[in-house]
Amino acid sequence: MTGKHFHHGKSSKDILDSKKVLNAIGLKKGDIFLDAGSGDGYMSLAASKIVGEKGKVYAVDVWEESMNILKKEIQNSEISNIEPIIADISKKIPIKDETVDICYMANVLHGFVENDNLDKVMSEIRRILRPEGIFAVVEFKKIENTPGPPMKIKINPKNVREIIEKYHLTFKNVEEVGKHHYVVITVK
Ligand SMILES: C[S@@+](CC[C@H](N)C(=O)[O-])C[C@H]1O[C@@H](n2cnc3c(N)ncnc32)[C@H](O)[C@@H]1O
């Protein structure tokens, strides 16, 4: 978490449609879902409804305050299929090898690119994904005067595709998932 662009940040809850996103990435009942850099975990909460009792959601974030918001919600709503984990995903993702069906990362990748510390996080993502598992990256569209990080930090779908391909994941497709966001879907 040390770096020029210290990137804990705002939740995208109000500007990203969770149903649209989870539908685009093909989340289904029984899946094991990882929300990497989950923030307050609103997407994890939506995912937990889809994966159901036989599925599981890992919400991982390094920012304890965000995790506490999610933990409270898990308690209040008696949710049993979300495991909140406080961890720095650029060091270690505390999940077993090849167990995750979909790793979702929203509004987080640009920070790792900016800080030039992608290698470890990408090798951890490859490690925990099952063969043919999905890595889905949501980012802000690179458009001036719109929400998200400064223009020089925003990345476009082509950048995301090239970055992920370097780590030997295969590009599948890119889709618009909101006024300000797109998702790049890749496969292990
Ligand atoms: C802009 S927020 C996005 C939160 C959420 N994904 C969303 O779309 O609302 C970025 C999140 O990534 C988390 N984060 C940044 N670096 C991280 C790291 N190395 N390990 C775990 N989480 C990290 C931050 O704490 C923050 O909650």
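What follows is calculated from the coordinates using simple rules that are stated; it is not laboratory data. Note that this is a predicted model, so its numbers are computed, not measured. Virtual Cβ from ideal backbone geometry, glycine too; neighbours counted across all protein chains shown.
Each eigenvalue of the Cα gyration tensor of the chain, multiplied by 5 and square-rooted, gives one semi-axis; in descending order these are 23, 18, 17 Å. Over all projection directions, the Cα-based convex hull of the stretch 124-182 averages an area of 4.6 nm².
Could you pull out the pairs from Lys28/Lys172; Lys49/Lys172; Lys71/Lys188 whose alpha carbons sit more than 22 Å apart here?
Details: Lys28/Lys172 18 Å; Lys49/Lys172 25 Å; Lys71/Lys188 30 Å.
Beyond 22 Å between Cα atoms: Lys49/Lys172; Lys71/Lys188.
How much length is gained on full extension from Lys49 to Asn156, taking 0.36 nm per residue of separation minus their Cα-Cα distance?
Details: separation 107, 0.36 × 107 = 38.52 nm, distance 3.04 nm.
Extra length available between Lys49 and Asn156 comes to 35.5 nm.
Projected label points at Glu65 and Asp88, each 7 Å from Cα along the beta carbon direction, are separated by 1.9 nanometres.
Based on the mean of other beta carbon atoms within 10 Å per residue, what is the order of 66-73, 135-142, 52-59, most packed first? Please report the intermediate quantities before stating the final value.
Values: 66-73: 17.1, 135-142: 23.0, 52-59: 19.5.
The peptides rank, most packed first, as 135-142, 52-59, 66-73.
Among rounded, prolate and oblate, which fits the stretch 80-167 when a ≥ b ≥ c are the square roots of the eigenvalues of its C-alpha gyration tensor, a/c under 1.5 means rounded, and a/b larger than b/c means prolate? Verdict is prolate for the stretch 80-167.
Stretch Ile15-Glu98 to full length: gain in nm at 0.36 nm per residue minus the Cα-Cα span? Let's see the in-between values first.
Details: separation 83, 0.36 × 83 = 29.88 nm, distance 3.17 nm.
Residue separation times 0.36 nm, minus the Cα-Cα distance, leaves 26.7 nm.
Within the straight-line cut-off of under 15 Å between alpha carbons, the aspartates and glutamates reachable from Lys152 are Glu114, Asp116, Glu139, Glu144, sequence neighbours fewer than 8 places apart in one chain being disregarded. With the simple model of a label 7 Å out from the Cα in the direction of the Cβ, Tyr167 to Lys179 spans 3.1 nm.
Based on other C-beta atoms within 10 Å, arrange Leu129, Leu34 from fewest to most.
On the way: Leu129 25, Leu34 29.
Final ranking by Cβ density, sparse to dense: Leu129, Leu34.
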